[in-house]
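One structure below.
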Amino acid sequence: MSSSVARLKHRWSRDRTAPVLRPVAGVDVTVIIPAYNEAASVVDTIKSLQGQTMPPAAIIVVDDCSTDGTGDVARVLGVVVVRPPTNTGSKAGAQNFGLRYVRTPLTVAVDADTILARDALESLLPAFHDPGVAAACGFVLPQRVRSVWERGRYIEYLFAFTYYKRLQEYYGKPLISSGCFSMYRTDILRAHNGWSNRTLAEDVDLTWSLYQAGHAVRFVPEAVCYPIEPRTLTLMGTQLRRWSHGFVQNVRLHWRGLLAVPYLRSAVAVAFWDATIAATVYLVLLPVLALLLARPWILIGYVIDAPAVIVPVLAGAARRREIRRAIASIPAFFVLRTVNAVFFLRAVCAELLLGRSLRVYEKGH
Amino acid sequence: MAAGLPGTGIGGMFYLISALATPLREGYLRLRGRKSRGWRLVVALTAIAGSILAGLWATSWLLGLALSASRRLLPAATTPHPGNLLPAVALLISVGTLAGVLLGVEVLRLWVRRRPHPEATIDEYKSRRAVAAGERRSRILPFVLGAVVAAYARPAAAQGATHATSHLGRADSAYTAGDARAAAQEYAAVLAADPWNSHATYRLAQLHRHDPRLALRLFRRYVALEPSDPWGYMAAAEVLARTGRYGEALRYYDDALRLAPGERDAVVGRARTLARARRTGAAIVVYERWLASHPTDAEVKRELAAAQVAAAPAITPLVGGSHDSDGNTTLRLGGAAELAAPGPVRVGVRATREQVGDGVTHVGLDELALRAAARPSGALQIEAEGGATRVDAVGGAGVTITPTGQLRARWRDPMGGPAVDLRARRNVIDASPLLATNRVVRTEIGAIIEVPVASGLKLRGIGRTAALSSAFDVNHRTTFAGVAALAVTPSVEVSGQVHEIRYSRPSSAGYFAPRLIQIAQVASYIELETARSFVLAFDLGAGVQRVAQQGAALGPWRRALRLYSLVAVPLAPGRELRFELDGDDSGVATESATTAQWRYVSMQLSLRVALP
């Protein structure tokens, strides 16, 4: 047992007898930060958590056998650092390791490259006044918006969290409780054995499992978090590869159970259809038809839905007073969407047609 | 993670429709007093959806302008102007594909769904009870938690036996006081702490009678927990009968009667189920046996009389007529006769004489048809009719006899799931002397598919194709329609409808056959029934339509109105007077129309008399 674990156990044992000695005087929430070589970003994450309007009772950094001193950097900031004996091999593995040390009714998962708005935790808490709610997630926006890929992601998030996710919330079925920042009821999380590493998208897996068990998931747009998004095509490719394979793996794993969940089954079906058939149309059919029929106006299909993207994006950006940044980033979205289509199509082919399931968890940045 | 391709594909259409449906859903939730997310979010989402629609329209318009300009500038280098083709095709493909995918999901759901074991017996329930108490707890616990508790209960982990007892007391108090909502919450909390509490299970099922799926699960659960209590079987049977699963309901009643022979509710409930299943002969036998030993049971006497009336032969004289804006008038006299029907099949005959005139010409039509209606199960109804229509000699044409008939099959998931209505028919179009003189005959097949997408919200797809043959030509008419219907209450439905009708060619046979008709309507269906079986039904539609003549572009939008009303008045046991009124101010929707401004009204009065 590492010294960190021993220290943590010591703290918790004191906790039970003397509440005044709790690690952090805060709400009954423990934050788990899985971290593998995140020394450069974990400091900001921890500071944003310590600066919350309602700080958590405990912050646990799971140093997943980093080699860049992540654990040491975190320890300096006064949080609990635990380290598994060997690298767990996935974010889910690290989070589950951290879950063993949670003693509060609520658990928050935050990525080590994600910072939270000051009131993010406070904003999420009211969702749990409803006893049926098992998980809640917030609004996600990139921390940095500089490169084409970050700009594309910025528009994608603005669009999805302003429009799609709010609609899903209205119908009571947010598609995914985002892995970078979500809050869970600890007992229900444990009942589901934490985060599963049977797929590469543990957040999708957990969210859909919760729905199938009859629990509710909420999306709280006021709770904002800012992850660092991939800044290069290589890093973006790694992340998209993981996400696309993870999504397909989850559809294959959960399709039968999802059929019993109204609205969600429709949302997943159209998402899966778009990821496969629409991607094929987008990448293959449009250019082929334009060439074969000598009808260049067919290529208008690439941008004809631009208003469907621009309207929600501007609505979201206006609220944040980021109109200029949004307008400047919109072209990057169409680039990212094309790349996204390639990766989803490859994932579908690999997972469903060729039987080559991706199992190795690769960090996206 | 953002799954799919945000903005493009059918996902964009799905969320656009979802957003546009939020005001309907919100209104429904408010009306039903259910928890809602609030109008603020609805307004925001609807505004986004409206802006997207406006943006898409503006983009299409600008693209059209740009393409027109490019054609003028570079006539040789550019392809023909696609006009409205691109957005129209994109819209049609998106909506059609979305409907197909959603329908596919629903079909898959039905296919995958595990059906309850139809041959469940008391012994099996005993073994289930043993199972319930033992090794298979893990299967039933998620069922209880998943189906019931999640929506209402306190966190399961925070509950204990003491909590269950206190909740049970509060629940019973609320139940006795008539506070159904509080009682349901408390009973659910009891089950969260103690999933094996049969009393809470039974009470919660009673409180969820309006949701037959949930009520049935809970009653089945109760039967598994208390297999020696006949009331559990009766309650489950009542829900099954209400949802049209008569065979299974009768088996549950049989189980109840084995445990409690002679129990009135089981005997009478079984008889009612037989009557509902149209096995009226068997129902009458059960009622009569009961009355032989309980001759003063007034309620059973009434139900026996109703069953005898339903099984008795009947005659239905009728008189009706119609008038349209061209001055065409019809007068119809006739009637129908039905043979006695102790089983689920009813056979009859219908004969009418109709006189059609326009002030100058008059044509007579006689129609004779054999009819049969069957209900093989609670979910399936089949109606068949076959006969002939004789049209009098008029002008240069002699007397003709045309075979006519129809076949219709309707299936509806008894638990409120999807429904399918298939119909094929052949009949003479007789709204004007010209149509009758030209021997216009319609041969049509069509289907209506209804899929529930959310609580109270259903999508309907309608497709029909008809061949219209006359002395001059053969024309084809194709109809596609989409309907989003919201059940505001069990007897009130509001809907938004879009219809598109196409004729393959113009016709001189006497009906209006434009190239394309588009109709967008908001409609409401209201059906009220009193305790004395007085029925009042209205189907009202108001909207707009536009017409494209053959070889021409679409014209301007103009109003489209329609009304159908039914009043059924029970005069005495076995005698019912029915009045139907049908009006149309969107005449292009029917083959009888002669112009785009055609208006039409028809009425029919009939009296059904069951013979002793």
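The values are calculated or read from the model by the stated rules, or taken from the named source; none is laboratory data. Keep in mind the model is a prediction, meaning the values are calculated, not measured. With ideal geometry, Cβ positions are generated from the backbone for all residues, glycine too; neighbour counts draw on all protein chains shown.
A few points about this structure:
- Every condition in (1) within 14 Å of chain B (Cβ to nearest Cβ); (2) surrounded by fewer than 21 Cβ atoms within 10 Å (Cβ to Cβ); (3) outside any strand (DSSP E or B) holds for residue A:222 except the one numbered (3).
This table checks each residue for (1) among the small types (Gly, Ala, Ser); (2) surrounded by 14 or more Cβ atoms within 10 Å (Cβ to Cβ); (3) in contact with a Phe, Trp or Tyr (Cβ under 7 Å, 6 or more places away or on another chain); (4) on the phi > 0 side of the Ramachandran plot.
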| position | (1), (2), (3), (4) |
| --- | --- |
| B:533 | yes, no, no, yes |
| B:537 | yes, yes, no, no |
| B:544 | no, yes, yes, no |
| B:548 | yes, yes, no, no |
| B:582 | no, yes, yes, no |
| B:601 | no, yes, no, no |
| B:605 | no, yes, yes, no |
| B:608 | no, yes, no, no |
| B:611 | no, no, no, no |
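- Filtered residue count, the range B:175-196, keeping only those that are within 18 Å of residue B:222 (Cα to Cα) and not in a helix (DSSP H, G or I): 3
- Considering A:251, A:288, the condition of being away from chain B (no Cβ under 12 Å), over 18 Å from residue A:165 (Cα atoms) and either of a type in the set (A, V, I, L, M, F, W, C) or buried (at least 22 other Cβ atoms within 10 Å of the Cβ) (or both) is satisfied by A:288 alone.
- Residue in the range B:24-33 that is within 10 Å of another protein chain (Cβ to nearest Cβ), closer than 28 Å to residue A:172 by Cβ and part of a loop (DSSP other than H, G, I, E, B) present: no
- Subset of the range B:439-468 that is within 20 Å of residue A:269 (Cβ to Cβ) and among the small types (Gly, Ala, Ser) - its residue that is modelled with the highest pLDDT: B:461
- Residue B:283 buried (at least 21 other Cβ atoms within 10 Å of the Cβ) and either among the hydrophobic types (A, V, I, L, M, F, W, C) or modelled with pLDDT under 85 (or both): yes
- When B:345, B:319 are checked against the criterion of being of a type in the set (A, V, I, L, M, F, W, C) and at pLDDT 90 or above, a single residue qualifies: B:319.
- Between A:335, A:288, the distinction of being out of contact with any helix residue (DSSP H, G or I) (no Cβ under 9 Å at 6 or more places or on another chain) and in a helix (DSSP H, G or I) belongs to A:288 only.
- In the range A:263-287, the residues that are of a type outside the set (A, V, I, L, M, F, W, C) and modelled with pLDDT of 90 or more: A:263, A:265, A:266
- Residue within the range A:187-197 that is among the hydrophobic types (A, V, I, L, M, F, W, C), over 22 Å from residue A:117 (Cβ atoms), more than 10 Å from chain B (Cβ to nearest Cβ) and touching a residue at least 40 places away in the same chain (Cβ under 8 Å) present: yes
- Matching option when the condition is crowded, with 17+ Cβ neighbours inside 10 Å and not in a strand (DSSP E or B), among B:343, B:378, B:320, B:334: B:378
- Lone qualifier among B:79, B:46, B:97 - being over 25 Å from the mean Cα position of the chain (by Cα), at pLDDT 80 or above and of a type in the set (Val, Ile, Thr): B:46
- Checked against (1) in contact (Cβ under 8 Å) with a residue 24 or more places away in the chain; (2) within 21 Å of residue A:196 (Cα to Cα), residue A:84 passes all but condition (1).
- Checklist (1) assigned to a strand (DSSP E or B); (2) farther than 27 Å from residue A:27 by Cα applied to residue A:135, failing item: (2)
- Qualifying residue in the range B:429-440 (condition: surrounded by 15 or more Cβ atoms within 10 Å (Cβ to Cβ), in a strand (DSSP E or B) and out of contact with any Asp or Glu (no Cβ under 7 Å at 6 or more places or on another chain)): no
- Residues (part of a helix (DSSP H, G or I), within 13 Å of residue B:344 (Cβ to Cβ) and hydrophobic (A, V, I, L, M, F, W, C)) located in the range B:274-310: B:274, B:275, B:282, B:283, B:310
- Contact annotation: residue pairs with Cβ atoms under 8 Å, 6 or more positions apart or on different chains, pairing a residue in the range A:300-317 that is more than 17 Å from residue A:154 (Cα to Cα) with a partner that is of a type in the set (Gly, Ala, Ser) and crowded, with 22+ Cβ neighbours inside 10 Å, are A:305/B:7; A:305/B:12.
- The criterion of at least 1 residues that are more than 19 Å from residue A:28 (Cα to Cα) is met by the following strands (runs of 3 or more DSSP E) wholly inside the range A:42-126: A:56-63, A:80-82, A:114-116.
- Check on residue B:464, surrounded by fewer than 19 Cβ atoms within 10 Å (Cβ to Cβ), not hydrophobic (A, V, I, L, M, F, W, C) and not assigned by TED's automatic domain parsing to the domain that holds residue B:99: yes
- Positions within the range A:257-280 being among the β-branched types (Val, Ile, Thr), more than 7 Å from chain B (Cβ to nearest Cβ) and either touching a residue at least 12 places away in the same chain (Cβ under 8 Å) or buried (at least 21 other Cβ atoms within 10 Å of the Cβ) (or both), in sequence order: A:261, A:268, A:276, A:280
- Every residue from the range A:293-328 that is modelled with pLDDT of 90 or more, within 19 Å of residue A:164 (Cα to Cα) and more than 8 Å from chain B (Cβ to nearest Cβ): A:313, A:314, A:316, A:317, A:318, A:326
- When residues of the range A:191-208 are limited to those that are modelled with pLDDT of 90 or more and out of contact with any helix residue (DSSP H, G or I) (no Cβ under 7 Å at 6 or more places or on another chain), the one surrounded by the most Cβ atoms within 10 Å (Cβ to Cβ): A:206
- Any pair with Cβ under 9 angstrom, 6 or more apart, that starts in the range A:340-358 at a residue that is away from every other protein chain (no Cβ under 11 Å) and ends at one that is outside any helix (DSSP H, G or I) and hydroxyl-bearing (Ser, Thr, Tyr): A:350/A:357; A:351/A:357
- Among the residues listed as B:431, B:436, B:481, the single one being modelled with pLDDT of 90 or more and outside the structural domain of residue B:28 (by TED's automatic domain parsing): B:481
Conditions tested, residue by residue: (1) in the same structural domain as residue B:379 (by TED's automatic domain parsing); (2) touching a residue at least 24 places away in the same chain (Cβ under 8 Å); (3) within 33 Å of the chain's Cα centre (by Cα).
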residue	(1), (2), (3)
B:284	no, yes, yes
B:298	no, no, no
B:307	no, yes, yes
B:319	yes, yes, yes
